[in-house]
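**Q** Have a look at this one.
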Amino acid sequence: MPANQPVTACVIIIGNEVLSGRTTDANLAYLGKGLNDLGIRLMEARIVRDDEDAIVDAVDACRGAFDYVFTTGGIGPTHDDITAACIAKAFGVRLERNAEAMALLARQYTPEEFNEARRKMADIPEGATLLENPVSKAPGFRIGNVFVLPGVPIIMRAMFEGFRHRLVGGEPWLSRSVVAFTTEGSVASGLAAVQEKHPRVEIGSYPFLRSGRLGVNLVLRAPDRAALDAATDAVKSLITDMGVEAIEETEVPAC
């Protein structure tokens, strides 16, 4: 990567069950935090239906726009698990029954259990590298800058932890949060002025209602601690000059 150029990522969540609301995605926040800890900025997330054209289009668009792409879902044994085939089509390669994946799965099941549906989980795009699955053994894979992971959170997390050390990131982004019991409208113009003076820091405003009191959480993010500290001080001064207490929350890594 060029100096000071951010390393970026996108997550593609695949599955009709997420779009229908029957399943709540639990992977995005985990990947966002894990990637940020590595200095990789999660810039975009997409939820895509179980449809070949939709998956291929999303993968094609994202792999050219971001340094890393992570897909979750659609690599199981059922008829609607079509992600592997779609990834192969997006890269213009054959989908093949991978010998290494077959050996892993054969050790997991008895001969009677190892039916064609389970063998389907060994169908991997030609040229892809397997990603170890320490939970259920059915592997994910990497091809190019695309990492293909399952949707089951406990398995996805275990697999991500197994290869995260191989990801190359940049500077991790830091975050600070200032809470004030006031309204967004009251701080809007002053906050815009602070943002203009501190262009290297991202400043977001998030209103809330706690115990019947309106408030706003002002979140600041930047890779440079000095720039972040200066912008935070400016935000706190903005709040206190209004006669409102500025309450700073514990600093956490930005997602």
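**Q** For Tyr68, enumerate residues with amide H under 5 Å from its amide H, sequence gap 5+ or separate chain, H modeled in the peptide plane.
**A** Amide H neighbours of Tyr68: Thr8, Ala9, Cys10.
**Q** Starting from the Cα of Leu209, step 7 Å along the direction of its Cβ; do the same at Thr78; then give the gap between the two resulting points in nm.
**A** Those two pseudo-labels are separated by 3.8 nm.
**Q** Can you sort Ser136, Ser20 by how many other beta carbons sit within 10 Å, fewest first? Show your work: numbers first, answer last.
**A** Details: Ser136 15, Ser20 9.
Exposure proxy ranking, most exposed first: Ser20, Ser136.
**Q** Please report how many Lys pairs in the chain have alpha carbons closer than 26 angstrom, counting only residues at least 8 apart along the chain or sitting on separate chains. Don't jump to the answer; show the numbers that get you there.
**A** Working: Lys33/Lys137; Lys33/Lys236; Lys89/Lys120; Lys89/Lys137; Lys120/Lys137; Lys197/Lys236.
Counting lysine pairs in the chain gives 6.
**Q** Taking every alpha carbon pair in the chain, what does the distance histogram look like in 10 angstrom bins from 0, in percent?
**A** Binned Cα distances yield the sequence 7, 26, 27, 19, 13, 7, 2, 0.
**Q** What helices in the chain pass both tests, a Cα length along the helix axis of 18 Å or more and a mean Kyte hydropathy of -1.0 or higher, using whole DSSP H runs?
**A** For the chain, where a helix must reach 18 Å along its axis and average at least -1.0, the hits are 52-65, 184-197, 225-241.
**Q** Taking the Cα centroid of the range 202-232 and of the range 12-45, what is the distance between the two, rounded to the nearest whole Å?
**A** 23
**Q** Placing +1 on the Cβ of each Lys and Arg and -1 on the Cβ of each Asp and Glu in the chain, which of Leu220, Gly169, Pro6 has its Cα farthest towards the positive end of the resulting dipole?
**A** The residue sitting most towards the positive pole is Gly169.
**Q** Also, I was wondering about something else. Relative contact order, percent, of the range 174-253 when contacts are C-alpha pairs under 8 Å separated by at least 6 residues? The partial results should precede the final answer.
**A** On the way: 137 pairs, mean separation 38.0, N = 80.
Relative contact order of the range 174-253: 48 percent.
Read-outs: derived from the displayed coordinates by stated rules, not from any lab. As the structure is a computational prediction, the values presented were derived from the model and not from experiment. In this analysis, Cβ positions are derived from the backbone assuming ideal geometry, glycine residues included, and neighbour counts consider all displayed protein chains.
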